[in-house]
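Chemist: Below are the structure tokens for one structure; questions will follow.
The values are calculated or read from the model by the stated rules, or taken from the named source; none is laboratory data. Because the structure is a prediction, the values reported are computed rather than measured. Note: ideal-geometry Cβ built from the backbone for every residue, glycine included; neighbour counts use all protein chains shown. For accessibility, only protein heavy atoms count, side chains too; no ligands or nucleic acids. Shrake-Rupley method; radii C 1.70, N 1.55, O 1.52, S 1.80 Å.
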Amino acid sequence: MLRLVSLKLGRLYRYVKLAVLGSLAAALVLNTHSLLASLQRNELSERRFLQLNKCPACWGTSWCRKFLNGQLRLESWGRLRLFDFFNVKNVYFARYGEPREGSRRVVLKRLGSAQELADIDTKICRRATGRGRCDLLQALHATEFASLNGDVRLLTPDAVEGWSDLVHCPSQRLLDRLVRRYAETKDSGSFLLRNLKDSERMQLLITLAFNPEPLVLQSFPSDEGWPFAKYLGACGRMVAVNYVGEELWSYFNAPWEKRVDLAWQLMEIAEQLTNNDFEFALYLLDVSFDNFAVGPRDGKVIIVDAENVLVADKKLIRQNKPENWDVWYESKFDDCDKEACLSFSKEILCARVTVDHNYYAICQNLLSRHATWRGTSGGLLHDPPAGIAKEGQLEALLDECANPKKRYGRFQAAKELREYLAQLSNNVR
């Protein structure tokens, strides 16, 4: 009965979406002339559309030549500004490359809604002048983003701690990594902040403060096996990353064997981000079906939204030995009535070596019966085959992973769930 209700809600969501699209189509017909003009323009080669005039209060300039030379073009519907009303996150799909050389699909992000981007300008002005509006470029030089210019040798924890999730509890080792791998400079490879140009330092700091996603992708790159989308470059307030594939959400009703493989990969991602040779724990503070995508060819699951990632340096925790640093931390189950709920303490994530947060986040919000998204329930592993449902092991492991009944039960359940899903995945291949 519950399953039937969730399916009906899903259909209702689709019907409402179709009705809205129908209304939009009617509006487009009434604006045919402006529609044709929009389709003929390449706004990605326009400095104003890229907000290049905001630099260095922007994300970077490494890809400006490609943008301004017309090597990137928005895909058909993305050229219509009328659709911006629905594109709250300011995410666009585009083709990159020359026609005679072939092109590939990329994803462009402004890294915030229109209001959030406007708020950046307001905050910079208030920090510099106390007023909400000002000459942005002049105001920048009266903020902390400019105070770290000049002959400052290193980016230090006391200067940026708490600016964003990425640096909620930064170590010098993490900050050196961010500077050394900063992709918006021609002289990357040095951890010395003074080796960057003044404009590059301000771009780095503004990105760190307002949306550190590009820095996560640069510092923990896919080329080294990290499960994040590949960072390509930026121009103004637009960044480009590689297109991974359809969102995980589109696989919600995929064949059972496919969903088992995806679930196993998600648990492997949770393990990799929690325990790795670099001794950086990367905790996902925002976990939903929209934050992951699946490669169409290799079927690989990739994180495509890395704005809310907290990085804890396990080496530093062992060195400083804060109170209870070696006591295993169990995340508390959050049985709220909203989608993608998570309960966590950033301070505890920063102060413990052994933490189950990533297992908890994946199990509760994506895999178990507690997962809800867009009117559905039951999680990615809903409706298992009769034999597996009768056996009961899968349901028991998912329940213990999401809402453990035994002390440290989630740690053991996550380990056994990874092994069980690997076994199931091998059996159906």
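Chemist: Among the residues of the stretch 105-156, which ones are within 30 Å of residue 291 (Cβ to Cβ), of a type in the set (A, V, I, L, M) and open to solvent by less than 40 Å² (accessible area, probe 1.4 Å)?
Modeler: 106, 107, 108, 111, 117, 120, 124, 155 - these are the residues of the stretch 105-156 that are within 30 Å of residue 291 (Cβ to Cβ), of a type in the set (A, V, I, L, M) and open to solvent by less than 40 Å² (accessible area, probe 1.4 Å).
Chemist: Suppose the filter is outside any loop (DSSP other than H, G, I, E, B), open to solvent by 40 Å² or more (accessible area, probe 1.4 Å) and in contact with a helix residue (DSSP H, G or I) (Cβ under 8 Å, 6 or more places away or on another chain); does residue 201 pass it?
Modeler: no
Chemist: Count, please, the residues in the stretch 385-429 that happen to be farther than 26 Å from residue 341 by Cα, in contact (Cβ under 8 Å) with a residue 60 or more places away in the chain and open to solvent by 50 Å² or more (accessible area, probe 1.4 Å).
Modeler: Of the residues in the stretch 385-429, 3 are farther than 26 Å from residue 341 by Cα, in contact (Cβ under 8 Å) with a residue 60 or more places away in the chain and open to solvent by 50 Å² or more (accessible area, probe 1.4 Å).
Chemist: Can I ask one more? Do we have residue 206 as under 26 Å from residue 346 (Cβ atoms), in a helix (DSSP H, G or I), of a type in the set (Val, Ile, Thr) and more than 22 Å from the chain's Cα centre (by Cα) here?
Modeler: Criteria not met by residue 206.
Chemist: Filtering the stretch 301-321 down to residues that are in contact (Cβ under 8 Å) with a residue 60 or more places away in the chain and assigned to a loop (DSSP other than H, G, I, E, B), which residue is least open to solvent (accessible area, probe 1.4 Å)?
Modeler: 306
Chemist: Does residue 97 count as at pLDDT below 95, over 23 Å from the mean Cα position of the chain (by Cα) and either among the aliphatic types (A, V, I, L, M) or over 30 Å from residue 138 (Cβ atoms) (or both)?
Modeler: When the stated conditions are applied, residue 97 passes them.
Chemist: While we're here: Restricting attention to the stretch 181-192, does a residue exist that is in contact (Cβ under 8 Å) with a residue 24 or more places away in the chain, open to solvent by less than 20 Å² (accessible area, probe 1.4 Å), assigned by the TED database to the domain that holds residue 56 and of a type in the set (Phe, Trp, Tyr)?
Modeler: Looking through the stretch 181-192, at least one residue is in contact (Cβ under 8 Å) with a residue 24 or more places away in the chain, open to solvent by less than 20 Å² (accessible area, probe 1.4 Å), assigned by the TED database to the domain that holds residue 56 and of a type in the set (Phe, Trp, Tyr).
Chemist: Hey, another quick one. How many residues does the stretch 163-180 hold that are open to solvent by less than 50 Å² (accessible area, probe 1.4 Å) and over 17 Å from residue 224 (Cα atoms)?
Modeler: The number of residues fulfilling the criteria is 11.
Chemist: If residue 298 satisfies every condition in (1) assigned to a loop (DSSP other than H, G, I, E, B); (2) in contact with a Phe, Trp or Tyr (Cβ under 8 Å, 6 or more places away or on another chain) but one, which is the exception?
Modeler: The one condition residue 298 does not meet is (2).
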